[in-house]
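All remarks here apply to the structure that follows.
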Amino acid sequence: MALKVGVVGMGGIGNQHAQCHTDDDLAQLVAVCDLIPAKADAAAEKFGVKAYYSLAEMLRHEDLDVVDVTTGGYENGSWHFEPTMEALEAGKAVLCEKPLSNDITEARQMVAAAADRGLLLGCNLNHYFTETAQRGDQYVADGQVGELVYCLHKMGFSGGEYTYGPNKNPRWWNFPYAHFKAFLTHPFSVMRHYCGDVTHVQCFANRPGVRRQAGDLMVSSVSIHLQFQSGALGYLLSQRGDATYGLGGWWSFELAGTRGTFCIENCIEKITYWPAPGAGQAGDPSKMAGGAAGGIEVMDTGITDFGATFPRRIHAFLEDVTNGVSPHNLRANGRDALAVLEYTFAAIDSYENGGALVRPHALPPNPGDPKVIAG
Ligand SMILES: NC(=O)c1ccc[n+]([C@@H]2O[C@H](COP(=O)([O-])OP(=O)(O)OC[C@H]3O[C@@H](n4cnc5c(N)ncnc54)[C@H](O)[C@@H]3O)[C@@H](O)[C@H]2O)c1
């Protein structure tokens, strides 16, 4: 039977989620909710469901299986805490937009609240729910990447001084770390998906002259060096329209190991794999340096619309809830989203201390970890 879903927060993203639930056989969208009645009413009419003006009211009248929280707020995250906690207190499975919160203490509380109740809390870490990432997963699972050596990630917004305009929206203006908090969840989640937990973070950051002249406090260009527990090394460059990305476009991710390397371009569009010299697929190891030895594989999906990530990620969440997975087996769960927020706050800490080496705050124990099960 389809899961009964209510969506909270009917801005652009709430409407996108509502469309995904409407189109997905695993879900039945039954209600939408927004504090602004006109937004709730417009979405209710569009999707042919009931409108509510508060989550409490929606929970009182509807027997929901899933509450999907798509509110935003300051730094795109300050309005997630309240409805998520309210839905967890009502015993619901919750899908929350990213970042879990713009406040790390709140994010820790959200994850603890779900764990204490044994409830499913997922986060919309949609950037690795793609055909290209799935192909990357397959290269890793098949041993075609081997022991991890490094990952390189560039993700953000292309632009420059001709396109810059101060964003005076009160959700963004005067928040120096809005780009860190609102955005870095995405690239960190992709890096952690492939390389695992991070043990050390070092960050340098800047904002260009056009921002300074406009009195814009946003620290918008971010350079982060990571050490993973696995031994792999990582580098992330993220910026918010300060410059234009070159090779790989707005979103490129390269994972290199002792047996091969893959690079995903434009998130959903393309993945290329290069076998290491001498690997089974490589024709002539001596020619590898020039990329001419053969064995190179390219998958071009032809998809360029980033919106295609939403139905895939939301379907995975609905699938996990339907299958009754345990909270720690939920894909892109609250703990995963907390991990990347801890890296974000570690990066801010490092930047504020001149690029000092910072160890991210420890995560709560993973109940699926054999060391935890063994007591
Ligand atoms: N995963 C992604 O790729 C992706 C992309 C863009 C944005 N986002 C995230 O989506 C979220 C929403 O973004 P948006 O641009 O649609 O925001 P928005 O501000 O346009 O919409 C949020 C809506 O939530 C409503 N709201 C706030 N608190 C509420 C509450 N307690 N109960 C009911 N309604 C409430 C507001 O009135 C508003 O209409 C943000 O957190 C953002 O970070 C995710």
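Here I36 meets each of (1) crowded, with 24+ Cβ neighbours inside 10 Å; (2) more than 23 Å from the chain's Cα centre (by Cα); (3) more than 15 Å from A93 (Cα to Cα) with one exception, condition (1).
Quick check on my filter: what residues within the stretch 114-133 are more than 16 Å from the ligand (Cβ to nearest atom) and closer than 23 Å to N366 by Cβ? Of everything in the stretch 114-133, those that are more than 16 Å from the ligand (Cβ to nearest atom) and closer than 23 Å to N366 by Cβ turn out to be A114, A115, D116, R117, G118, L119, L120. For the stretch 134-152, indicate whether the set of residues that are crowded, with 18+ Cβ neighbours inside 10 Å, within 15 Å of F262 (Cα to Cα) and within 16 Å of the ligand (Cβ to nearest atom) is non-empty. Within the stretch 134-152 (the criterion being crowded, with 18+ Cβ neighbours inside 10 Å, within 15 Å of F262 (Cα to Cα) and within 16 Å of the ligand (Cβ to nearest atom)), the answer is no, since none of the residues qualifies.
Residues that are in contact with a helix residue (DSSP H, G or I) (Cβ under 6 Å, 6 or more places away or on another chain), of a type in the set (A, V, I, L, M, F, W, C) and more than 18 Å from C96 (Cα to Cα) within the stretch 307-354 comprise F345, I348, listed in sequence order.
Please tell me if L29 is more than 15 Å from the ligand (Cβ to nearest atom), modelled with pLDDT of 95 or more, in a strand (DSSP E or B) and in contact with a strand residue (DSSP E or B) (Cβ under 7 Å, 6 or more places away or on another chain). Don't jump to the end; show me each part of the working.
Numbers: more than 15 Å from the ligand (Cβ to nearest atom): yes; modelled with pLDDT of 95 or more: yes; in a strand (DSSP E or B): yes; in contact with a strand residue (DSSP E or B) (Cβ under 7 Å, 6 or more places away or on another chain): yes.
Answer is yes for this residue.
The sole residue among G234, G241, G307 that is away from the ligand (no atom under 16 Å from the Cβ) and either modelled with pLDDT under 95 or among the small types (G, A, S) (or both) is G234.
Is it the case that the stretch 160-181 has a residue that's of a type in the set (D, E, K, R) and in a strand (DSSP E or B)? Steps first, answer last, please.
Going residue by residue through the stretch 160-181, those that are of a type in the set (D, E, K, R) are 161, 168, 171, 181.
If we keep only those that are in a strand (DSSP E or B) too, we end up with none.
So far as the stretch 160-181 goes, no, none of its residues is of a type in the set (D, E, K, R) and in a strand (DSSP E or B).
Evaluating G11 against the criteria (1) within 17 Å of G72 (Cβ to Cβ); (2) surrounded by fewer than 19 Cβ atoms within 10 Å (Cβ to Cβ); (3) more than 8 Å from the ligand (Cβ to nearest atom) leaves one unmet condition, (3). On the basis of being among the aliphatic types (A, V, I, L, M), away from the ligand (no atom under 16 Å from the Cβ) and under 24 Å from A107 (Cβ atoms), does V210 make the cut? No: the conditions fail for V210. The conditions of being over 26 Å from S326 (Cβ atoms), surrounded by fewer than 19 Cβ atoms within 10 Å (Cβ to Cβ) and within 13 Å of the ligand (Cβ to nearest atom) are not met by P176. Checked against the criterion of being among the hydroxyl-bearing types (S, T, Y), in contact (Cβ under 8 Å) with a residue 24 or more places away in the chain, closer than 29 Å to T322 by Cβ and in contact with a Phe, Trp or Tyr (Cβ under 6 Å, 6 or more places away or on another chain), the candidates Y139, Y128 yield just one match: Y139.
Screening the stretch 140-155 for residues that are of a type outside the set (D, E, K, R) and in contact with a Lys or Arg (Cβ under 9 Å, 6 or more places away or on another chain) and picking the one that is nearest to G249 (Cα to Cα) gives V145. Per the conditions (1) over 15 Å from S223 (Cβ atoms); (2) β-branched (V, I, T); (3) in contact with a strand residue (DSSP E or B) (Cβ under 7 Å, 6 or more places away or on another chain), the sole criterion not satisfied by T185 is (3).
Whether any residue in the stretch 332-346 is surrounded by fewer than 17 Cβ atoms within 10 Å (Cβ to Cβ), at pLDDT 95 or above and assigned to a helix (DSSP H, G or I) is what I want to check.
Looking only at the stretch 332-346, we keep the residues that are surrounded by fewer than 17 Cβ atoms within 10 Å (Cβ to Cβ), and these are none.
Within the stretch 332-346 (the criterion being surrounded by fewer than 17 Cβ atoms within 10 Å (Cβ to Cβ), at pLDDT 95 or above and assigned to a helix (DSSP H, G or I)), the answer is no, since none of the residues qualifies.
With respect to Y74, determine if the residue is within 23 Å of D103 (Cα to Cα), within 14 Å of the ligand (Cβ to nearest atom) and among the aromatic types (F, W, Y). Criteria met by Y74.
For the stretch 71-114, a tally of residues being part of a helix (DSSP H, G or I) and more than 22 Å from A346 (Cβ to Cβ) returns 10. Taken together, K98, K92 contain a single residue that is under 30 Å from Y343 (Cβ atoms), in contact (Cβ under 8 Å) with a residue 12 or more places away in the chain and within 9 Å of the ligand (Cβ to nearest atom), which is K98.
Can A40 be described as out of contact with any helix residue (DSSP H, G or I) (no Cβ under 9 Å at 6 or more places or on another chain), within 13 Å of the ligand (Cβ to nearest atom), touching a residue at least 12 places away in the same chain (Cβ under 8 Å) and of a type in the set (G, A, S)?
yes
When R212 is tested against (1) modelled with pLDDT under 95; (2) in a helix (DSSP H, G or I), only condition (1) is not met.
Total residues in the stretch 69-107 satisfying the condition of being touching a Pro at 6+ places or on another chain (Cβ under 8 Å), on the phi < 0 side of the Ramachandran plot and surrounded by fewer than 24 Cβ atoms within 10 Å (Cβ to Cβ): the figure is 1.
The values are calculated or read from the model by the stated rules, or taken from the named source; none is laboratory data. The shown structure was predicted, so the numbers you read here are calculated from the model rather than taken from an experiment. When we count neighbours, we look across all protein chains shown, and the Cβ atoms used for this are built from the backbone with ideal geometry, even at glycine.
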